[in-house]
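Enquirer: Mind having a look at this structure? Questions to follow.
Derivation of every value follows stated rules applied to the coordinates shown; laboratory data play no part. Not measured: the values here are computed from a predicted model. Don't worry about glycine lacking a Cβ; one is built from the backbone with ideal geometry, like all the others, and counts go over all protein chains shown.
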Amino acid sequence: MTKNKHDKYFLLILLILVALIPQLGLASVESSLMGVQTKLTRVILPTLSVIGIAFAAFSFLSGNENAKRHITYAVIGSALGFGAQAIVDFISSTVN
């Protein structure tokens, strides 16, 4: 197959995807960024916070000499992770 033929198939698949998924076809940049922000602040950051606390606890229980530092970083990261939505809302209200 030539490169030109691959490009035609790619465009055909892309058009089918856009037709089948209306959110992609009608999504604006702003709504896409809001979706990423929501996913980041409500799912990913709290999950990483829990993982950080679990790592710090394991570090403490295993007698690691840097356990105090790990716990401090986990607490600070958790405060930021769980409070991310409030921080974003505060910045948004200040800017507007």
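Enquirer: For each of VAL88, VAL36, count neighbouring Cβ atoms within 10 Å of the residue's Cβ, then give the residues from fewest to most.
Expert: Details: VAL88 14, VAL36 11.
Exposure proxy ranking, most exposed first: VAL36, VAL88.
Enquirer: Which order, highest average first, do 76-82, 89-95, 62-68 follow once you tally other Cβ atoms within 10 Å for each residue and take the mean per peptide? Spell out each step's value before the answer.
Expert: Values: 76-82: 15.3, 89-95: 9.0, 62-68: 10.6.
So the order, starting with the most tightly packed, is 76-82, 62-68, 89-95.
Enquirer: I would also like to ask the following. Classify segment 28-95 as rounded, prolate or oblate, taking a ≥ b ≥ c as the square roots of the eigenvalues of its Cα gyration tensor: rounded when a/c is under 1.5, otherwise prolate if a/b is larger than b/c and oblate if not.
Expert: Details: a/c = 4.77, a/b = 2.48, b/c = 1.92.
Because a/c hits 1.5 or more and a/b exceeds b/c, segment 28-95 counts as prolate.
Enquirer: Let me ask something else. If each of SER32 and ILE16 carries a label point 7 Å out from its Cα toward its Cβ, how far apart are those two points in nm?
Expert: 2.2 nm
Enquirer: Next question. Going by how many other beta carbons lie within 10 Å of each one, how would you line up SER31, SER59, SER49, fewest first? Let's see the in-between values first.
Expert: On the way: SER31 11, SER59 18, SER49 21.
Starting with the residue having the fewest Cβ neighbours, the order is SER31, SER59, SER49.
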